[in-house]
Amino acid sequence: MDLEEFNSAPTDRLRPVLAACCDVPRWVDAILAKRPYGDLAALTAVADQSLRELDDNEVDRALQAHPRIGDRPQGASTEAAWSRNEQAGVGDDAGVRQELADGNRQYEERFGRVFLICATGLSAAQMLDSLRTRLTHDDATEAIVVHEELRKIALLRLGKVVA
């Protein structure tokens with residue numbers, strides 16, 4: 001949809017679309033509350049600032065909507081389609097998929113949440129390198145990285161909504 005349609009669309013139509021970008025009600029509400037937007041930059045600025053203000057519980061909530069890197073989300077939902085496209089760089093190599101599965105397991109044991117990375121444009125090797133590096137982070141450092149990765153994903157997805 002274009003910005004004019006975004007500005008005029010009923011709230012109940014936009015709420016699930018925005019939640020597919022970032023499943024945090026306060027973030028969705030912040031974007032809806034500031035409509036109409038004069039341009040895409042204004043919308044992006046509100047979205048970005050609101051993402052930067054998410055607390056740890058909201059980040060954890062948003063992570064629940066994201067599949068593991070290397071998993072192939074099934075279904076026709078917007079989130080599943082976006083995830084399949086974003087993770088295109090994983091490829092079909094069984095060895096790489098196994099390494100990602102093993103790394104995901106280690107990450108989840110270490111940090112208690114799914115490994116999240118803005119995978120758009122990354123190769124499987126780049127994702128694996130990042131996963132291995134992030135396993136060495138302390139909890140506070142990794143929390144900052146996860147928040148930033150979530151922010152990047154949400155803004156990319158919002159750009160898909162309002163083209």
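The values are calculated or read from the model by the stated rules, or taken from the named source; none is laboratory data. Here the structure is a predicted model, which means the values were calculated and not measured. Note: ideal-geometry Cβ built from the backbone for every residue, glycine included; neighbour counts use all protein chains shown. We work out accessible area using only protein heavy atoms, side chains counted, and drop any ligands, DNA or RNA first. Shrake-Rupley method; radii C 1.70, N 1.55, O 1.52, S 1.80 Å.
How many of the residues in the range 23-47 are closer than 22 Å to Ala65 by Cβ, open to solvent by less than 60 Å² (accessible area, probe 1.4 Å) and of a type in the set (D, E, K, R)? So the count comes out to 1. Just to be sure before I move on: is Gln106 open to solvent by 40 Å² or more (accessible area, probe 1.4 Å), under 14 Å from the mean Cα position of the chain (by Cα) and modelled with pLDDT of 70 or more in the structure I sent? No; evaluated as a whole, the condition is false for this residue. Considering only residues that are hydrophobic (A, V, I, L, M, F, W, C) and assigned to a helix (DSSP H, G or I), look in the range 135-153 and name the one that is farthest from His66 (Cα to Cα). For the range 135-153, the residue satisfying everything is Ala140. One residue stands out in the range 36-61 among those that are assigned to a helix (DSSP H, G or I) and of a type in the set (Ser, Thr, Tyr): the one that is nearest to Ala163 (Cα to Cα), namely Thr44. Restricting Ala163, Ala140, Ala154 to residues that are among the small types (Gly, Ala, Ser), open to solvent by 40 Å² or more (accessible area, probe 1.4 Å) and either within 30 Å of Val17 (Cβ to Cβ) or touching a residue at least 40 places away in the same chain (Cβ under 8 Å) (or both) narrows the list to Ala163. Among residues of the range 7-20 that are open to solvent by 70 Å² or more (accessible area, probe 1.4 Å), those with a beta-carbon under 7 Å from a residue that is in a helix (DSSP H, G or I) at least six positions away or on a different chain give the pairs Arg15/Val28. Could you look through the range 109-134, keep only residues that are more than 17 Å from Arg68 (Cβ to Cβ) and of a type in the set (Ser, Thr, Tyr), and pick out the one that is modelled with the highest pLDDT? Taking the candidates together, the pick is Thr133. Pairs linking a residue in the range 62-84 that is part of a loop (DSSP other than H, G, I, E, B) to a residue that is among the acidic types (Asp, Glu) and modelled with pLDDT under 80, with Cβ atoms under 9 Å and 6 or more positions apart or on different chains, are Ala65/Glu79; His66/Glu79; Pro67/Glu79; Pro73/Glu79.
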